[in-house]
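For reference, the structure is listed below as structure tokens.
The numbers here are math on the coordinates, done by the rules we state, and not lab data. It should be emphasised that the depicted structure is a prediction, and the values quoted were computed from it without experimental measurement. A quick note on method: Cβ atoms are made from the backbone with ideal geometry, for glycine too, and the neighbour counts reach across all protein chains shown.
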């Protein structure tokens, strides 16, 4: 067996031991190793000999193989990180992955993306699905993206010793590490920017339901800056949202502007600016996008108020790798940026 292939097998078995077999416990038989990792019996025996000589495994006559200690974590090249996204848009996921790949290339880490299709992400069944994906990829850790309600499922991973970092802070799961944008801070920045541009008739566009933190902070700040300002919210999941957008853009005046509250809403609002030939400067802001500006054919680049998705990807993977390598989360468990 080639040295590179044997090294990969050692990585996978090392993760298997650390995740599922505590010291003192019984490990797989040689035949089970061969079956689980799709190698020959000869290769499995060679692997056992290697780990026995290293003091990781020991054999008890007529009883089998037992774990003496876990193998030390290798270089970052021995890492596979599972990225699980709850967002259906491939553009969104690829933006996150692009940011993570910057770090992965530097640290020689492999990444695997799985996109969730289950409706009930809060169920134990979904937790088992996550656990299955982790085992299939033999992943050392998980980056959870765009999950609003998945406390039970992610707790299911944490109780099995699997490190998880999320881009959303889940208050009902205080042990979950997270990196989250400061929603209120950036929404206030958006209100100030539009007020400075003399916009007082604002349409908030998004898939988040009314009353979310971004909307509330924007309304409060705009109300403080201009008590007579008019702020409306179009919830894009409602069937009447298209009619509201059409009316707003048809009667577009110099005091009007649009603030897109979430990534998918960017692509709903942008075509209206193109169709009605409305300049976007000081009239269109977005909370987040792939990079530091949102680009769309037919309009000038639009300012992004919050951190880009690529930035979020870099921060999340860096945080997880630090925990895997040092045993400690860098800074606080929850980082608000």
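Numbers for the structure displayed
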read-out: Translational diffusion coefficient (Stokes-Einstein; Kirkwood radius from C-alpha pairs) of the stretch 183-306 at 10 °C, 1.306 mPa s, in µm²/s; value: 113
read-out: Cα centroid separation, the stretch 280-314 to the stretch 47-111 (Å); value: 34
read-out: Degrees separating the helix 263-275 axis from the principal Cα axis of the chain, which is the longest one; value: 40
read-out: Protection-proxy order for peptides 309-316, 238-245, each taking the mean of Cβ atoms within 10 Å per residue, highest first; value: 309-316, 238-245
read-out: Highest to lowest packing among 161-169, 137-145, scored as the average C-beta count within 10 Å; value: 137-145, 161-169
read-out: Kirkwood hydrodynamic radius (C-alpha pairs) into Stokes-Einstein, the chain, 4 °C and 1.567 mPa s, D in µm²/s; value: 58
read-out: Cα-based helix-to-principal-axis angle, 213-225 vs the chain, degrees rounded to 10; value: 30
read-out: Protection-proxy order for peptides 48-55, 27-34, each taking the mean of Cβ atoms within 10 Å per residue, highest first; value: 27-34, 48-55
read-out: Alpha carbon centroid spacing (whole Å) that separates the stretch 218-253 from the stretch 167-185; value: 28
read-out: Tilt relative to the chain, helix 124-137 - C-alpha long axis, 0 to 90 degrees, to 10; value: 60
read-out: Highest-fluctuation residue, 288, 89, 262 considered, GNM on the chain with Cα pairs under 10 Å; value: 89
read-out: The chain: relative contact order as a whole-number percent, Cα under 8 Å and 6+ apart; value: 16
read-out: Alpha carbon convex hull of the stretch 3-67, projected area averaged over orientations, nm²; value: 4.1
read-out: Rounded to 5, the percent of DSSP beta bridges in the chain classed as antiparallel; value: 15
read-out: Nearest-0.05 FRET efficiency for residue 107 and residue 172, computed from C-beta distance (R0 41 Å); value: 0.80
read-out: MRE, 222 nm, helices only [DSSP H, n ≥ 4, -39500 (n - 2.57), over the chain, to nearest 500]; value: -14000 deg cm²/dmol
